[in-house]
Amino acid sequence: MSLPDPDVLIFLASAVLALVSSALVILHRSIVYSAFFLSIVGIANAILFSLLGFPIIALFHLIVYVGAAVTFILFSLVMMREVPTVEPGLKVVTFSAFILTVLVLSRIFLSVGAQPSFYLEYKGLTSILIEKYWFALIVASLALATTLIEAITLARREV
Amino acid sequence: MEVYYYLILSAVLLSIGIYGIVSKRNVIRMLLSAEVIFNAALLSLLSLASLDSGYGPVGGALAVIAISLSAAEVGVIVSLAILMFRMRGTLDTYELRRFRG
C-alpha cells in the first residue's frame, strides 16, 4: 500500500478549509470574525495557487490581499464601533491560521526545487506585465494610490 | 491533480458568495460575500491558465492586476460604508434609498 500524494492531501485540506471558512464568512454573527475567516479563505486560496504552479501569485495574494485588503476591512470595522468580542475558540483559530501560514510558505519554498508540470517564473511574469499589460499595471497602481488617499482621508475624521 | 477539481471548488465558492450577497442586507457582509466570489473567480482563472504553459504567464499577469484592483475596490466600498455609518448610523442597504441629491 503506497502513501497518497502529498499534493492531493494538501489540496483536500485547503479545499475543506476554504469551503468551511467561506461558509463562516456568510453565517457567523460577528462581522469581525467574518472578516477574519475571509483572511483564512485567502490563505487557503494561496495554497491552491501554489499547488497549481503559481507560487509568485500565491505570495502576492498573501501580501496584498490577506495582508492589506482584509486587514483594512478589520481596522475599518473598529471605526464603526464594532468591537471584537473574544470567544473561547479564538486561540484554536489563531493557532490553525499560524499552522496554515507555515504550510503555505513551506509549500511555496519547496516547490522551487521540485519539477511541477507547470511553473510560473518571475522573469516571465514581469516581462509580460511590462511589455503587454503596462497600461493595466498603471491603472492598478493609480487605483491603489486612490485607496491610500481614501484611507488618509478617513483617518482625519473630518469628512 | 486534475484541474477539474479546482473548477468544482471554485464553483462551490461562487455559490456560497452569491448566497451571501442575495441573503444579507449589511453592506460589509455583502462586501465580504463579494470577496468570496472574487476568490472563486481567481481560482478558476489560474486553474484554466495552468492547463497550457503558453497561457500561464498571461493568467499570472491578469491575476496580479486583479488582486491589486480588488484591494482598491475594498478601500472604496469600506469608505462608502464608513460614510454611510456616520450619516445614518446603520449599515443596512435598504437605508441607501434615502441617499438622494
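The values are calculated or read from the model by the stated rules, or taken from the named source; none is laboratory data. From a predicted model like this one, the values you see are computed outputs, not experimental measurements. With ideal geometry, Cβ positions are generated from the backbone for all residues, glycine too; neighbour counts draw on all protein chains shown.
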Being at pLDDT 75 or above, crowded, with 17+ Cβ neighbours inside 10 Å and under 23 Å from the mean Cα position of the chain (by Cα) is the requirement here; does A:Thr71 meet it?
no
Which condition number does B:Val36 fail, the rest of (1) under 17 Å from A:Leu48 (Cα atoms); (2) modelled with pLDDT of 85 or more; (3) more than 11 Å from the chain's Cα centre (by Cα) being met?
(3)
How many residues of region B:23-33 are at pLDDT 85 or above and surrounded by fewer than 18 Cβ atoms within 10 Å (Cβ to Cβ)? The answer is 1
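For every residue, the table says whether it meets (1) in contact with a Gly (Cβ under 8 Å, 6 or more places away or on another chain); (2) farther than 13 Å from A:His61 by Cβ; (3) at pLDDT 80 or above; (4) not in a helix (DSSP H, G or I).
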{"position": "B:Ala40", "(1), (2), (3), (4)": "yes, yes, yes, no"}
{"position": "B:Leu46", "(1), (2), (3), (4)": "yes, no, yes, no"}
{"position": "B:Ser53", "(1), (2), (3), (4)": "no, yes, no, yes"}
{"position": "B:Pro57", "(1), (2), (3), (4)": "yes, yes, no, no"}
{"position": "B:Ala72", "(1), (2), (3), (4)": "no, yes, yes, no"}
{"position": "B:Arg86", "(1), (2), (3), (4)": "no, yes, no, no"}
Being touching a strand residue (DSSP E or B) at 6+ places or on another chain (Cβ under 7 Å) and at the interface with chain A (Cβ under 9 Å from one of its Cβ atoms) narrows it down to one of B:Leu42, B:Leu91, B:Leu31, so name that one.
B:Leu91
Could you please tell me which pairs satisfy a Cβ distance under 7 Å, a separation of 6+ or placement on different chains, a first residue in region B:45-59 that is facing chain A (nearest Cβ under 9 Å) and under 22 Å from B:Leu9 (Cα atoms), and a second residue that is modelled with pLDDT of 80 or more and part of a loop (DSSP other than H, G, I, E, B)?
B:Leu46/A:Phe54; B:Ser50/A:Gly53; B:Gly56/B:Ser50
Just a yes or no: is a residue in region A:11-19 closer than 15 Å to B:Ile37 by Cα and surrounded by fewer than 19 Cβ atoms within 10 Å (Cβ to Cβ)?
yes
